[in-house]
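Novice: Have a look at this one.
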Amino acid sequence: MLSAHQAESMILGVVQPLIDPEVTSLLHAQQRILAQDIVSSLDFPYWDNSAMDGYAVRYQDLKGCHPDQPITLDIVAEIPAGTCPQRELTAGQAARIFTGAMLPEGADTVVMQEQTQRLGDRVQILTCPQSGAFVRPKGAYYQAGTPVLAQGMVLTPPDIAILATVQCSEIPVYRRPKVAILSTGNELIAPDQPLQPGQIVDSNRYALAALVEATGAEVRLLDPVGDQQADLRAAIAEAIRSADMVISSGGVSVGDYDYVDQVLAELKAELHVRSVAVKPGKPLTVATFPPQNTPQPVLYFGLPGNPVSALVSFWRFVQPALRKLSGQRSPWGPTFVEARTQHPLPAGGSRETYLWGQLSLKAGRYEFAIAGGSHSSGNLINLAQTNGLAVLPLDHPALEAGETVQVMQVGTVTL
Ligand code: AMP
Ligand code: MG
């Protein structure tokens, strides 16, 4: 059986990024992955401009300026933001200027209006500023011709502001992976169906759809399939034709009705992983199908059906694969942080153990609070608000409250 680390390397080794570029707009760029380095032909700021409301001046005119000995300049222009100054300042002249407005030729310094006194067409400068004060010089923040954003970045709101600023409104991004989600099990019903004895609501399809979407991929929800081998074969054969990745849950264990591995073999998939030494989530099937409609092989993840196992397997193994598939830059794997456990934690046992709970930051240190209630892989109720999984290595002794533990971050950390 592979260790978690070996399984992760094996999985990342078979994933080939989809590198089909397409173009998106600024309003749809959030979380898309940049397909090229962005290089602009514009400097930023585009031109010298004022950082304050005040007066644009020539620094050399202010020599000896002091509150007891103010210097008086002629106001020869008014330059609101968005206009182009029409004249050059010469000796003894100032221009009324506003934040963001272009500096006139000749000016090199801005005096904030609080340091001046207006006298009709003239202005008294009361305090001598530093040379170049309150000027945002052309190209001070970015020089044309240099990369501003790099290929493989996941675009965030600040990146989108940058793209707008450099007038990149047709943004080259990779197409989103299409991920088909399939639940298997005779016992599964939809949330709005009446529950009969022995049945369970198919929660995995919704959790997995949300996880896939949060990773930036496109979800294709398939109809659940019962535990009939022929039906499963037909569903998987259909799924791989229309998706870059297929995620199924259920049917990968050793029970008589667990047909996923058999069906994958019948369909000539190459099996890479059958099980991983982790708890929860030991049964995990990872396979590839030869390329169907794209140059990349189709990836298949057969997750265990237990709701917690399915989620943990997604976080630990599917999400990194999906990130790499999308064309994201590495690292693709989860973030692990060191945290102080607020409660005692049980010993690690014969498999790497993941305990769910809440990760928070207190006085600059991560803290982990294990979820109360049963840590059974069938108990999804105490998964509520999980944002961290404490990882106990193989045979690790139990931990006391206050000791340090590695925590895999799976959501936003609370303060
Ligand atoms: P399996 O992996 O098929 O042996 O299923 C393991 C456990 O997970 C069983 O108790 C199933 O009823 C449950 N299970 C399987 N699929 C789902 C699902 N889609 N949603 C919720 N529970 C499930
Ligand atoms: Mg089953």
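Novice: Which three extents, in whole angstrom, do the alpha-carbon atoms of the chain cover along their principal axes, largest first?
Specialist: 95, 53, 42
Novice: Suppose we keep just the DSSP beta bridges with both residues in the chain; what percent of those would be antiparallel, to 5? Mind dumping the intermediate values first?
Specialist: Values: 59 of 87 bridges.
In the chain, DSSP labels about 70 percent of beta bridges as antiparallel.
Novice: Also, I was wondering about something else. Looking at the calculated P(r) for the stretch 163-220, what percent of the C-alpha pair distances fall above 12 Å?
Specialist: Working: 1205 of 1653 pairs.
Summing the P(r) of the stretch 163-220 above 12 Å gives 73 percent of all pairs.
Novice: What order do you get for Leu383, Leu399 when you list them from fewest to most C-beta neighbours inside 10 Å? Let's see the in-between values first.
Specialist: Details: Leu383 16, Leu399 20.
Ascending Cβ contact count within 10 Å gives the list Leu383, Leu399.
Novice: May I ask which of Lys282/Lys362; Lys178/Lys268; Lys279/Lys324; Lys138/Lys324 have a Cα-Cα span longer than 28 Å here?
Specialist: Values: Lys282/Lys362 33 Å; Lys178/Lys268 21 Å; Lys279/Lys324 25 Å; Lys138/Lys324 38 Å.
Violating the 28 Å limit, Cα to Cα: Lys282/Lys362; Lys138/Lys324.
Novice: For the chain, what's the relative contact order in percent, using C-alpha pairs closer than 8 Å and at least 6 residues apart?
Specialist: Numbers: 978 pairs, mean separation 65.5, N = 415.
Across the chain, relative contact order equals 16 percent.
Novice: Next question, about the same structure. Quick check: pseudo-label points 7 Å beyond the Cα along Cα→Cβ at Leu383 and Glu88, how many nm apart are they?
Specialist: Distance between the two pseudo-spin positions: 7.1 nm.
Novice: Per DSSP helix of 4 or more residues, -39500 (n - 2.57); summed, then divided by the residues of the chain. What does that give at 222 nm, rounded to the nearest 500? Provide the component values of the computation, followed by the final result.
Specialist: On the way: 7 runs with 66 residues, N = 415.
After summing the helix terms and dividing by residue count, I get -4500 deg cm²/dmol.
Novice: Filter the trypsin sites (Lys or Arg not before Pro) in the stretch 22-73 to those in DSSP coil with at most 16 other Cβ atoms within 10 Å of their Cβ, and list the result.
Specialist: Details: sites: Arg32, Arg58, Lys63; in loops: Arg32, Arg58, Lys63.
Here the sparse-neighbourhood loop sites are Lys63.
Novice: Can you tell me the dipole magnitude for the stretch 336-409 around its Cα centre, using point charges on the Cβ only (Lys, Arg +1; Asp, Glu -1), in Debye to the nearest 20?
Specialist: The calculation lands at about 180 debye.
Novice: Please state the shape class of the stretch 1-115: rounded when a/c is under 1.5, otherwise prolate if a/b exceeds b/c and oblate if not, all from the C-alpha gyration tensor.
Specialist: The shape class here is prolate.
Novice: With a 10 Å radius around each residue's Cβ, average the other Cβ atoms per peptide and rank 193-203, 319-329, highest first. If you can, show how the numbers build up before the last one.
Specialist: On the way: 193-203: 11.5, 319-329: 22.1.
Final packing ranking: 319-329, 193-203.
Novice: Right, here's the next one. Which one, Ala133, Leu26, Gln117, is farthest towards the positive end of the dipole of the chain when Lys and Arg carry +1 and Asp and Glu -1 on their Cβ?
Specialist: Ala133
Novice: Further question on the same structure: Using only C-alpha atoms and all pairs of different ones, pull out the Kirkwood radius for the stretch 336-409 in Å with one decimal.
Specialist: Values: mean 1/r = 0.0822 Å⁻¹.
Kirkwood radius, the stretch 336-409: 12.2 Å.
Novice: Would you grab the residues whose amide H sits under 5 Å from the one on Leu89? Only those 5+ places off in sequence or on another chain, please, with H modelled 1.01 Å from N.
Specialist: Glu105, Gly106, Ala107
Novice: Same structure, new question: To the nearest 20 Debye, how big is the dipole of the chain about its Cα centre, given +1 on the beta carbon of each Lys and Arg and -1 on that of each Asp and Glu? Kindly include the intermediate steps, with their values, before the conclusion.
Specialist: Values: 28 positive and 39 negative charges, 69 e Å.
The dipole of the chain has a size of about 340 debye.
Novice: Can I ask one more? Bin by bin, in steps of 10 Å, what percent of the Cα pairs in the stretch 49-136 do you find, going until the bin that has the longest distance?
Specialist: The calculated distribution, bin by bin, is 21, 59, 19, 1.
Novice: Let me ask another. Could you work out how far apart the two model spin labels at Glu114 and Leu26 are, taking each label as a point 7 Å from the Cα in the direction of the beta carbon, and quote it in nm?
Specialist: If labels sit at Glu114 and Leu26, their model points lie 3.2 nm apart.
Novice: Given a Förster radius of 35 Å and the C-beta distance between Glu213 and Glu403 as r, what FRET efficiency does 1/(1 + (r/R0)^6) yield to the nearest 0.05?
Specialist: On the way: r = 36 Å, r/R0 = 1.04.
The value I calculate is 0.45.
Novice: Same structure, new question: Would you work out which of Tyr259, Pro397, Ser40 lies farthest towards the positive end of the dipole of the chain, given +1 charges on the beta-carbon of Lys and Arg and -1 on that of Asp and Glu, about the Cα centre?
Specialist: Toward the positive end, the furthest listed residue is Pro397.
Novice: Measure out, as a whole number of angstrom, how far apart the alpha-carbon centroids of the stretch 83-107 and the stretch 349-414 sit.
Specialist: 61
Novice: Using each residue's phi in the stretch 96-112, evaluate 6.51 cos²θ - 1.76 cosθ + 1.60 at θ = phi - 60° and report the 3J(HN,Hα) Karplus result to the nearest Hz, with x for Gly and Pro.
Specialist: Going residue by residue, I get 5, 9, 10, 3, x, 7, 5, 6, x, 3, x, 7, 9, 8, 10, 9, 5 Hz, with x marking Gly and Pro.
Novice: Quick one: if you stick a label point 7 Å off each Cα along the C-beta vector at Ala161 and Arg122, how many nm between them?
Specialist: 4.3
Read the figures in this text as sums done on the coordinates, not as results from a lab. The model shown is predicted, which means the values in this text are computed figures rather than measured ones. Virtual Cβ from ideal backbone geometry, glycine too; neighbours counted across all protein chains shown.
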